[in-house]
Amino acid sequence: MNLTTDHLADILIGIARAQNAVIDAFDRASPGFRTQHAAPLITLAANMRAGDPRMIDLSARILMRLQGRVALDAAQVKADLERLMSGKPASAATGTAAAPKAAAAPKPAAPSAAGTADASGLDFSIKP
């Protein structure tokens with residue numbers, strides 16, 4: 001049997017969803033359980049203070065992502081798995097990925113002839 005990173009990412013996400021369902025059930029029975037008890041302990045298990053997460057922290061970090069309002073991205077979990085299996089530190093992996101994103105960032109719009117700028121190009125950091 002050949003287990004790919006796609007399969008492993010799906011398995012980890014499925015397990016985290018099952019764990020999240022249990023947390024939801026406890027929170028419905030006892031409101032406040034998620035914020036007062038579950039979230040702090042999951043944060044500890046996820047080793048959120050570590051700058052370079054380890055493979056052992058990944059499952060708890062996936063569960064932490066499910067606790068938030070942002071949808072969980074299977075591609076991001078796959079990328080985390082591939083990085084962790086390669087042995088590269090997170091700073092090196094994110095440093096190369098962040099450079100193209102920074103280069104592709106849109107530049108502020110220049111003021112028009114009337115002296116006003118497009119609303120998306122307003123820069124409030126510059127003093128008049």
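The values are calculated or read from the model by the stated rules, or taken from the named source; none is laboratory data. In this text, all values refer to a predicted model and were calculated from it rather than measured experimentally. With ideal geometry, Cβ positions are generated from the backbone for all residues, glycine too; neighbour counts draw on all protein chains shown. Accessible surface areas use protein heavy atoms only, side chains included; no ligands, DNA or RNA. Shrake-Rupley method; radii C 1.70, N 1.55, O 1.52, S 1.80 Å.
Key figures
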{"read-out": "Pairs with Cβ under 8 Å, 6+ apart, first in region 56-80 and in a loop (DSSP other than H, G, I, E, B), second not basic (Lys, Arg)", "value": "72/13; 72/16; 72/62; 72/66"}
{"read-out": "Single residue of region 1-47 satisfying the filter (polar (S, T, N, Q) and part of a helix (DSSP H, G or I)) that is most open to solvent (accessible area, probe 1.4 Å)", "value": "36"}
{"read-out": "Test: residue in region 80-88 that is at pLDDT below 90, among the small types (Gly, Ala, Ser) and closer than 22 Å to residue 5 by Cα", "value": "yes"}
{"read-out": "Looking only at region 48-66, and only at residues there that are open to solvent by 50 Å² or more (accessible area, probe 1.4 Å) and at pLDDT below 85, the one that is nearest to residue 22 (Cα to Cα)", "value": "48"}
{"read-out": "Residue within region 31-49 that is of a type in the set (Gly, Ala, Ser) and within 14 Å of the chain's Cα centre (by Cα) present", "value": "yes"}
